[in-house]
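One structure is given below, encoded as structure tokens.
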Amino acid sequence: MLALTACCEALILLSPPAHHYGYYDSKRSAIYSFVNTFFEAAAGAGEQLYVVADNRTRRDLSEEYGLNDAIVGVLDDIWIRDFFVTQLSDTTLVRFGYRPMYLNQQEISWIDHSARRFVEQIWPRGEVSLLSGNGPYPCLKDACEMRADSLVLDGGGIVWEPTTRRAVVTERVLRDNPWLVGRLSLSADGLPPRPMGAADPYAGAPAITSADLEHAKSVLERLLAEALSPTNASGINVTVAIVPEEPSAPRLGHVDGICNWLAPSTLALSNFSDPSTFALFAARLAAAFGDDVNIVPFPYYPSSDVWKDGFESAEGVYVNFARTRYAIYVPTFGAPADSEALALVAEHADRPLAVVGVDARAVAIMGGSVRCLSTFLWGATAGGVALIALVLVSILYAYKESWEPRH
């Protein structure tokens with residue numbers, strides 16, 4: 001385990017499934033193997049990875065892989081990128097409203113409650129803000145729930161570049177938040193958004209107009225600027241691009257299967273097989289960022305496989321990499337395009353970064369890979385989490401015998 005001073009600069013978090021939640025039981029071994037692979041990759045790049053895990057999962061990882069760097073906690077899903085905090089700057093942490101239309105309300109309640117409880121434990125003084133149309137408000141104990149004007153957005157629905165304060169989201173953000181453009185609904189049925197667990201939540205919905213896109217862009221830029229500097233938002237320059245949803249993945253509406261930041265001014269864009277589709281996405285990005293951002297066509301060979309409940313596989317979606325302080329972790333799938341993706345990352349990284357392939361074949365079928373299954377914290381934020389983790393890990397070593405017995 002790294003010393004406190006080493007791990008405080010930056011850390012990666014993963015949340016393997018807690019044992020009370022049986023949804024991922026058929027993939028539990030594959031997820032554990034992925035966690036171990038990612039842990040080894042991070043260690044090789046000089047970075048610290050922690051898992052947020054319950055007692056039984058911590059015991060499994062310790063006994064099967066010797067992996068003991070765990071934070072005691074229960075999170076009710078594995079896609080930590082989506083429901084946990086998003087770091088916007090060295091000092092700014094936010095949580096978006098978690099209410100994805102592709103899950104049902106009971107699932108959302110479980111996941112959101114576990115995430116809020118964990119956030120309140122780590123940052124009890126309101127260090128994390130929730131975004132709303134009336135500005136950010138602190139996530140404090142018993143006052144961390146969504147409001148009517150909370151910005152509903154999965155972490156996978158935004159790719160944020162903290163140095164240049166640029167963001168890319170998809171049109172899903174307007175449909176999930178019609179209040180951004182003064183509407184009650186942008187759904188096919190004309191009703192406000194409501195979680196239904198649908199495979200294509202907005203099928204048949206009317207097209208979003210250029211005027212709506214422009215208005216939503218300006219509102220989102222204001223909200224993000226207010227989060228970064230509540231008292232001087234007008235002095236913060238934020239640029240948001242809004243692109244269409246991924247053509248082959250209507251369920252999630254996420255952006256991290258479409259594009260991702262290779263460097264502060266370099267954006268990897270999935271090289272869709274239809275040239276006109278790629279041109280449409282590139283045009284939207286260029287309209288927002290101009291010549292300040294270089295767009296790099298990135299390997300994109302999506303599988304037609306789906307997992308249970310209709311979640312589209314993320315196999316062949318290479319843009320779902322995770323960029324951290326010292327490395328870029330790239331999903332690999334045992335395919336010829338692996339080497340192409342790794343070479344492009346090495347070519348376009350803006351500084352010496354380790355380019356590390358992480359085998360994601362066993363987990364991609366569930367709908368995501370490296371970025372979806374992880375989140376990255378840095379600076380004082382990472383130090384605070386690492387300090388808690390180190391204390392809890394020391395307790396874990398001291399009380400291994402107290403783990404509950406196998407059933």
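Derivation of every value follows stated rules applied to the coordinates shown; laboratory data play no part. For clarity, every value in this text was computed on a predicted model and none was experimentally measured. Positions of Cβ are backbone-derived with ideal geometry, glycine not excepted, and every protein chain shown enters the neighbour counts.
Put a dot 7 Å past each Cα toward the Cβ at S185 and A286; how far apart are the dots in nm?
Once both label points are built, they end up 3.8 nm from each other.
Sort out for me the Cα centre separation of region 32-63 from region 110-161, rounded to whole Å.
Taking the Cα centre of each part, region 32-63 and region 110-161 sit 26 Å apart.
Could you state the angle between the C-alpha long axis of helix 28-44 and the longest principal axis of the C-alpha atoms of the chain, as a value from 0 to 90 degrees rounded to the nearest 10?
Between helix and principal axis, roughly 90 degrees.
Loop sites only, by DSSP: take the trypsin sites (Lys or Arg not before Pro) in the chain that have at most 10 other C-beta atoms within 10 Å and name the longest stretch containing none of them. Don't skip to the end; give the middle numbers.
Values: sites that count: R125, R406.
Between the exposed loop sites, the longest stretch runs 126-405.
Taking each pair of different alpha-carbon atoms in the chain once, compute 1/r for the pair, average those values, and report the inverse of that mean as the Kirkwood hydrodynamic radius in Å to one decimal.
Working: mean 1/r = 0.0466 Å⁻¹.
Evaluated on the chain, it is 21.4 Å.
Checking the a/c ratio against 1.5 first, then a/b against b/c, what shape does the Cα gyration tensor give for region 109-253?
Details: a/c = 1.80, a/b = 1.24, b/c = 1.44.
Verdict is oblate for region 109-253.
Contact order normalised by length for region 319-375, with contacts defined as Cα pairs under 8 Å and 6 or more residues apart; what percent is it? Kindly include the intermediate steps, with their values, before the conclusion.
Values: 74 pairs, mean separation 25.2, N = 57.
About 44 percent, as a whole number.
Which of A30, A148, A115 ends up with the largest GNM mean-square fluctuation for the chain, with Cα atoms connected below 10 Å?
Greatest mean-square fluctuation among the candidates belongs to A148.
Could you tell me how many degrees, from 0 to 90 and to the nearest 10, lie between the Cα long axis of helix 275-289 and the main elongation axis, the longest principal axis, of the Cα atoms of the chain?
Helix 275-289 sits at roughly 90 degrees to that axis.
Among H254, L186, F311, whose Cα lies farthest out toward the positive end of the dipole of the chain, if unit charges sit on the beta carbon of Lys, Arg (+1) and Asp, Glu (-1)?
With unit charges placed on the Cβ atoms, the residue in question is L186.
If I fit a long axis through the Cα atoms of helix 105-122 and take the longest principal axis of the Cα atoms of the chain, what angle between them do I get, 0 to 90°, rounded to 10?
Taking Cα atoms only, the helix is inclined about 60 degrees.
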